[in-house]
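Written below as structure tokens is the structure these notes are about.
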Amino acid sequence: MRGKYILVSVLLALALLSMLSCQPSSGRSEKSIVVTYSILGSIVQELVGDKATVTVSVPNGLDPHESEPSAKDIEAINKADLVIENGLGLEAGMEKTLQAARNSGVKFFTASDYITVRHVGLGEGIPSGDPDQVIGAPDPHLWMDPIAMKSVVSGLASVLMQDLNLDVSSQAADLGNRLDSLNTEIADTVAAIPQKNRKLVTGHESMGYFAQRYDIKLVGVIIPSLSTQAGVSAANLAALKKAIQDNQVKAVFTELGTSPAAAKAIGDETGVKVVELTTHVLPGDGSYFTFLRNIAGVITNALK
Ligand SMILES: [Zn+2]
């Protein structure tokens, strides 16, 4: 009889426990933040830590200019407490989904609203008639400048407090200091490139913020556009070949979305080395800091 009594007691206790665990944890439910692409996602994750759930829509390694959201991504965006996007047309493939979420009242943070936007300048790239490359077109590649990212972090910390009641002010201050240090470190790295070699030819116009911050000249691009979505013509390649020779450019950098055949043709015809640059992909450790250090290291080694 006693054994039966214990068994019943245990069952009752278990039932009570399961009832308790089914109670909604009122006020303690985790906020969900969706970030459109991986590099911005890495910084957001560092900022919020375990204070919210951070999900990235475009998986690392896919092109944020091109990627379209899955049904699961769309659901996550529509249910998010906050959606964080880059803006300035980076998320071309997600635009309809983002607009629909915005229209239905989902809260948004647009990183490019918190920086000094760079515009395509006179003599940059190759005039192609592409709307992304006309003089004055806004450049979405703001993650190439750690000081721009610092402004994004500070703006986001305010919005998280205001809209989600999440206090990340001490994390924002710490991250801001680390981004300042990263900037100093990269300036020191790039200082090893002689002034006359500070010239960039890339797959598309992705390095403008970096070039502006570290005193490097943009000479031309394989795809004459701010996006990888445009095509390459024979006339573009001929103009680029001439620009490389006229400027005595040391290397051509290919990126995610660059045509390997076009890069090889430019390299073969000009005798300039072709070097891969991971401008849109996070490294193995997932860190923005490693990402930008790698970019600076690859450019410096190729041009010095
Ligand atoms: Zn790009």
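The values are calculated or read from the model by the stated rules, or taken from the named source; none is laboratory data. Every value quoted in this text rests on a predicted model; they were computed, and no experiment measured them. Note: ideal-geometry Cβ built from the backbone for every residue, glycine included; neighbour counts use all protein chains shown. We work out accessible area using only protein heavy atoms, side chains counted, and drop any ligands, DNA or RNA first. Shrake-Rupley method; radii C 1.70, N 1.55, O 1.52, S 1.80 Å.
Tell me, yes or no, whether the stretch 227-237 has at least one residue that is aliphatic (A, V, I, L, M) and modelled with pLDDT of 90 or more. No: zero hits. If I filter the stretch 236-249 for residues that are within 20 Å of Pro64 (Cβ to Cβ) and either away from the ligand (no atom under 15 Å from the Cβ) or touching a residue at least 40 places away in the same chain (Cβ under 8 Å) (or both), do I get at least one hit? No: the stretch 236-249 contains no residue that is within 20 Å of Pro64 (Cβ to Cβ) and either away from the ligand (no atom under 15 Å from the Cβ) or touching a residue at least 40 places away in the same chain (Cβ under 8 Å) (or both). From Val232, Val201, Val221, which residue is over 27 Å from Ser112 (Cα atoms) and either within 16 Å of the ligand (Cβ to nearest atom) or open to solvent by less than 10 Å² (accessible area, probe 1.4 Å) (or both)? After applying the criteria, what remains is Val232.
A quick yes/no check of all residues on (1) open to solvent by 30 Å² or more (accessible area, probe 1.4 Å); (2) without any contact (Cβ under 8 Å) to a residue 60 or more places away in the chain; (3) within 18 Å of Val152 (Cα to Cα); (4) within 16 Å of the ligand (Cβ to nearest atom):
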| position | (1), (2), (3), (4) |
| --- | --- |
| Val44 | no, no, yes, no |
| Val56 | yes, yes, yes, no |
| Asn60 | yes, no, no, yes |
| Lys79 | yes, yes, no, no |
| Leu82 | no, no, yes, no |
| Gly87 | no, yes, yes, yes |
| Ala92 | yes, no, no, yes |
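Those residues that are buried (at least 21 other Cβ atoms within 10 Å of the Cβ) and either more than 9 Å from the ligand (Cβ to nearest atom) or without any contact (Cβ under 8 Å) to a residue 60 or more places away in the chain (or both), I need them from the stretch 205-217; list them, please.
Of everything in the stretch 205-217, those that are buried (at least 21 other Cβ atoms within 10 Å of the Cβ) and either more than 9 Å from the ligand (Cβ to nearest atom) or without any contact (Cβ under 8 Å) to a residue 60 or more places away in the chain (or both) turn out to be Met207, Gly208, Tyr209, Phe210, Ala211, Tyr214.
Scanning the stretch 263-298 for residues that are within 16 Å of the ligand (Cβ to nearest atom), open to solvent by less than 10 Å² (accessible area, probe 1.4 Å) and farther than 22 Å from Ser57 by Cα yields Ala263, Leu277, Ile295.
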